[in-house]
Amino acid sequence: MKLYHNIMEDVVEEAFDQLKASLDLCPCDQCRNDVIAFALNNLPPRYAVTSSGSAISKAASLNIQYHADVQAAVIRGAEVVRQHPRHK
């Protein structure tokens, strides 16, 4: 049974959802996934060994600098995806 989880995935998805209205980005799933993947590839992973549900609560304990880094990575990802969208 897998108990480890990269909590940065949750943090980046939450940041994207909070910022999406201001990103001037296509709302399709492909663009969303590309921005999130870009951000995750440019942030250090934060793995936690946990049982169900507590990974999200651990994400809340990340400090302010991590949240700023996450927002910056999401914004950079949106800029790249906006310039080079992979959908039709």
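Remarks
- Check on GLU13, modelled with pLDDT under 95, under 11 Å from the mean Cα position of the chain (by Cα) and surrounded by 13 or more Cβ atoms within 10 Å (Cβ to Cβ): no
- Among (1) at pLDDT 90 or above; (2) of a type in the set (Gly, Ala, Ser); (3) over 11 Å from the mean Cα position of the chain (by Cα) - the single one GLY53 does not satisfy: (1)
- Picking from residues in the range 1-10 that are under 16 Å from TYR66 (Cα atoms) and touching a residue at least 40 places away in the same chain (Cβ under 8 Å), the one that is most open to solvent (accessible area, probe 1.4 Å) is ASP10.
The values are calculated or read from the model by the stated rules, or taken from the named source; none is laboratory data. Just so it is clear, the model here is predicted, and its values are computed rather than measured. So basically every Cβ, Gly included, is an ideal-geometry build from the backbone, and we count neighbours across all protein chains shown. Surface accessibility is based on the protein's heavy atoms, side chains included, excluding ligands, DNA and RNA. Shrake-Rupley method; radii C 1.70, N 1.55, O 1.52, S 1.80 Å.
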